[in-house]
1. If you take the residues of region 100-150 that are among the hydroxyl-bearing types (Ser, Thr, Tyr) and assigned to a helix (DSSP H, G or I), which of them is modelled with the lowest pLDDT?
2. Somewhere in region 69-87, is a residue closer than 25 Å to His199 by Cα, of a type in the set (Gly, Ala, Ser), modelled with pLDDT under 95 and surrounded by 14 or more Cβ atoms within 10 Å (Cβ to Cβ)?
3. If you check Ala94 against the conditions, is it surrounded by fewer than 18 Cβ atoms within 10 Å (Cβ to Cβ), modelled with pLDDT of 95 or more and of a type in the set (A, V, I, L, M)?
4. Given the residues Lys63, Lys71, Lys53, Lys45, which is the only one that is part of a loop (DSSP other than H, G, I, E, B), farther than 30 Å from Ser252 by Cα and among the charged types (D, E, K, R)?
5. Residue check: is Phe224 at pLDDT 95 or above, out of contact with any helix residue (DSSP H, G or I) (no Cβ under 7 Å at 6 or more places or on another chain) and in the same structural domain as Ile160 (by TED's automatic domain parsing)?
6. Filter region 6-31 down to the residues that are of a type in the set (Gly, Ala, Ser) and touching a Lys or Arg at 6+ places or on another chain (Cβ under 7 Å) and list them by number.
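The values are calculated or read from the model by the stated rules, or taken from the named source; none is laboratory data. Computed from a predicted model, the values in this text were never measured in an experiment. Here the Cβ is made from the backbone with ideal geometry for all residues, glycine too, and neighbour counts use every protein chain on show.
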Amino acid sequence: MKKCCFISCSDAGSSNLIYYWYLNNKKIYNFFFNLSGPAKKIFNKKNTKVSKKIDFIITGTGKNNKKYIKKILFGKKNNIKTISFVDHYTNYYARFFYNKSLILPDEIWTFDKASFALAKKIYNGTRVLKKKNYYLDFIKKNYLKINKGKKLKKNDNLKILFLLEPLKISYKIQNLICFKIINFLKKYKKKIKLTFRLHPSEKNNLIMNSISQKLSNNQNISIFRDKGNNIIKSLYSADVIIGGQTYALVLSLKLKKKIYTFLPLRNYPFNLPFKGINKI
């Protein structure tokens, strides 16, 4: 008899990792889903009522939405094994801090050597496992397909992709980021096609709006907004990729792109543990 797994996630980062893990394990287990936020779009599934005994719970994690903590507490109360995916390299302690307490699952799953080492150090006493990153495999495989099937049109425009992410920052820091980005763009002597791509959890972004406004009269920079669902195509078509420390920068690094970050800034460190990401 197949074991039953209950998946609960919301944030895009961990939802992508869990979704591609699910695709590679859907024949092994029975699944029930409790999805919200970007996870609904990623899984393209409706929430399901639990009709069988649950053997284990898998949750995503995140900085803002802490609904998964309640699933961990439910598992502990009902003697159900709990597992949480950690999808990044920041806020490891804060992810499981809830109502002034540290609420840890039975197991924490990571997706590469760097996240595994960090989790082992921080979650001392909790079982930490390194799982295969099926999401990265999917990105690489489909990137190669696009790379073989299409040839980029060569023109004089430099295509720069700005990968945005939700940041709780002051107006002063926002202006500092805009100043750094605009100065960075000015170093290029050719015409630029600057494309903003919002984080899945965002509908708007103050940095995007501010830079767009400041560059509205610049004849050498054309500004666009990427509304496509396929991040692979966005990464493929870009000559240069910039951002803060979104996981999409790590994907870009694996695809051997030219990458820049506007971090660190005052009280905002740069935590991605990889070489090859240049500082603006």
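1. Only one residue tops the list, namely Tyr143.
2. no
3. It is false that Ala94 is surrounded by fewer than 18 Cβ atoms within 10 Å (Cβ to Cβ), modelled with pLDDT of 95 or more and of a type in the set (A, V, I, L, M).
4. Matching residue, one of Lys63, Lys71, Lys53, Lys45: Lys53.
5. yes
6. Correct list: Ser8, Ser10.
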